[in-house]
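Working notes for the structure below.
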Amino acid sequence: MLQAFHYLLNTRFSFLKDSPLLVAVSGGLDSMVLTDLCLKSDLNISLVHCNFKLRGAESDEDERFIKDYSKGYNLEVYTSHFETEKFALSSKQSIQMAARQLRYEWFEQLRNQKGFEFILTAHHADDNLETVLINLSRGTGLEGLIGIPEINGSIVRPMLEFSRNQIHDFAIQEKISWREDSSNKSTKYLRNNLRHSIIPLLKEFNPSFIESFQATISHLKDTQSILEDAMLEVEDRVIESIDENQIVYNIEQLQSLNNPKAYLYQLLKTYNFTDWTQITALLDAQSGKQITSSTHRLLKNRSQLILSSIDTTSKVSISIQAADGLVTIPNQPFNLKLEINAPLGVSEKDHIYLNSELLKFPLRLDSWSHGDFFYPSGMEGKKKLSKYFKDEKLSLIEKECIRVIYSGNDVVWVVGRRADQRFLANKNSTQILKLSIEHNAHS
C-alpha cells in the first residue's frame, strides 16, 4: 500500500510534496494510516483534531491519544472543542451535518491563519461507496454518482483508491495503533446502516464489488469530463452577458436545445435550485415570473432568464456629508467621490456637477421607492422613477440594484444613469459639487 501511495503522490498529488499540510485525524483506523503514510513519504504535515464532545470520556480519550501520538513523532497538533449538539439544535441540522460544518469551517480558518496549503482527509473507497448509495437513495445527478471528489478546494483525499480492507491490513502489517469509535457500531445513522447491513450483502454477492465500483466511478468521471467540454460550447451559445450582479441567458437559444431541462440543470446546478420542472416551465412563463433558491434567484425577463445572487438586493442607506473625499458603499460595486468647489464640467452617466446651494446636507444614498419622481436631465417635465425604469427596459433585478442620491426627499441622481436637472450646476453657480462613481477594483 505504501508503494501505491507513493505512485499516487508522483502521478496525481505531486503538489503535496513541497507544501505544508494539515492532516485531519480522529484517532480512528483510517486517519492514523493516512498519517503513517504521510510520515513515511516525508510529507510536511501537522495534525488537526476535533473533539465534538459527543461521546463523553471516549471523545476526551481520543484527543489524548492524538496528543500523545504527536509528541512521539514531534508533530504539531491543533485541537478544538465544539458544542456540537447545541450548534445542531440552533442551526436546525442533524448532529452529523452540524459536526461536518464545524469541522470544515475550522479547518479552513486554521489553514488560512497558519499558512497551510492543503488539508488531507482519510476518506477511502468504502466511504465513497456509502456516499454514492446515500446520494442514490435521495435522488442525484452525475456528480452524486461520482461521489466524493479527490480534490475540493483546499481539501485533498489521497486515499480514495484504497478499500477499508486494504487500510486495515496495512495497519496490522505496520503495527499502527488506532482507537475504535463506539458510535460507528450504531445503525441509527443511514451511513452506518449501509456500512453494516447493505454493503456486506453487496460484497457477499460479488467479492470484487469495491473494485467494480471503482471502475464504474472511473468511467463516470470520463463521461463527466466529456460533458464539461460540451457545456462550455453550450454556455457560449446561451449566455448573453455576465457581470458581478447577474448572468443573462437567452431563452430562444435555450429552447433550441434538444433537452432544455437537462441543460438547465447543468447550467444552474451549483446555485441550490431543486425543482427543475418549475425552472423549465419558466422558459414559457410570463415576464416577471421568478424562482428562488436559498442563495439565488432566476427571473424571466422578456426573452431572457436572469440569474442573480439574493445578496444583490441588500438594502444600503448612506449619509453623505459636504466634504471632499471618498464615500465607501458596502455591498456595492462602486464608491462615490466628492469634490467641493470643482470647476464646472459636463455631466455624464458616471459623474455629475451639482449646485451645492440647492442641496440639503447630508445627502442620502438609498434604494428607490415606487412613489419617487424626478425631473430627468435632457427631458421635459417630471417622471416617476418606475416609469423611467420601464422606458429604459430595466429588468426587475436591474431595478433592485439601482441606487439613488436624495437631497431631503428629492431625487438628485439615479446613480450611474441620469441626474435631476433641478440640481445641476450651470455657469451661474458659485458653489459646485462634483459627484463621481469610483468602480471597485474587482468590478
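Only the coordinates and a few stated rules stand behind these numbers; no lab work does. Only a predicted model underlies this, so the values are computations on that prediction, with no experimental measurement involved. So basically every Cβ, Gly included, is an ideal-geometry build from the backbone, and we count neighbours across all protein chains shown.
Assorted remarks:
- Shown here for the range 15-90: GluC sites (Glu not before Pro) in loop regions (DSSP other than H, G, I, E, B) with at most 15 other Cβ atoms within 10 Å, namely Glu76, Glu83.
- Qualifying GluC sites (Glu not before Pro) for the range 308-384 [loop in DSSP, other Cβ within 10 Å: at most 10]: Glu380
- Remark on the range 3-82: hydrodynamic radius 13.4 angstrom, per the Kirkwood mean of 1/r across alpha carbon pairs.
- The trypsin sites (Lys or Arg not before Pro) of the range 122-188 that meet both conditions, a loop assignment by DSSP and at most 14 other Cβ atoms within 10 Å of the site Cβ, are Lys175, Lys188.
- Helix 125-138 axis versus longest C-alpha principal axis of the chain: approximately 50°, rounded to the nearest ten.
- The chain: angle of helix 95-114 to the longest principal axis, Cα-based, in degrees nearest 10: 70 degrees
- Positive contributions from Lys and Arg (+1) and negative ones from Asp and Glu (-1), summed over other residues with Cβ under 13 Å from the Cβ of Ala125, come out at -3.
- Summed side-chain charge close to Met1 - residues other than Met1 whose Cβ falls under 13 Å, Lys, Arg +1, Asp, Glu -1: -3
- Kirkwood Rh (inverse of mean 1/r, distinct Cα pairs), the range 318-439, angstrom: 14.6 Å
- Mean ellipticity per residue at 222 nm, deg cm²/dmol - from DSSP H runs of n ≥ 4 across the chain, formula -39500 (n - 2.57): -11500 deg cm²/dmol
- Sequence of Met32, Met159, Met1, Met231 once ranked by neighbouring C-beta atoms within 10 Å, starting from the fewest: Met231, Met1, Met32, Met159
- Paramagnetic reach from Ala230 in the range 258-293 [backbone N under 19 Å; point 7 Å along Cα→Cβ]: 258-270
- Seen from a random direction on average, the alpha-carbon convex hull of the range 93-163 projects onto 5.4 square nanometres.
- The range 133-290 - Kirkwood radius from inverse mean 1/r over Cα pairs (Å): 19.7 Å
- Per principal axis, descending, Cα span of the range 234-312 in whole Å: 33, 25, 24
- Alpha carbon Rg of the chain, scaled by the compact-globule rule 2.2 N^0.38 Å: 1.32
- Directionally averaged projected area (the range 61-217, Cα convex hull): 11.3 nm².
- Cβ-based charge dipole, the chain, positive-most Cα from Ser94, Leu264, Gln290: Gln290
- In this label model, Ser208 and Lys185 are separated by 3.5 nm, measuring between points 7 Å along each Cα→Cβ vector.
- Bridge orientation summary for the chain: considering DSSP beta bridges with both residues in this region, about 80 percent are antiparallel.
- Surrounding net charge for Ile176, when Lys and Arg each add one and Asp and Glu each subtract one, Cβ distance under 15 Å: -2
- Along the range 256-272 the Karplus relation, 6.51 cos²θ - 1.76 cosθ + 1.60 evaluated at θ = phi - 60°, assigns HN-Hα couplings of 7, 6, 6, 8, x, 4, 5, 5, 4, 4, 5, 6, 10, 5, 8, 9, 6 Hz to successive residues, with x for each Gly and Pro.
- The range 96-153 and the range 25-57: distance between their alpha carbon centers, rounded to Å: 16 Å
- Enclosed volume per residue, in Å³, of the convex hull spanned by Cα atoms of the range 152-226: 155 Å³
- Percent RCO, i.e. relative contact order, over the chain, from Cα pairs under 8 Å lying at least 6 residues apart: 10 percent
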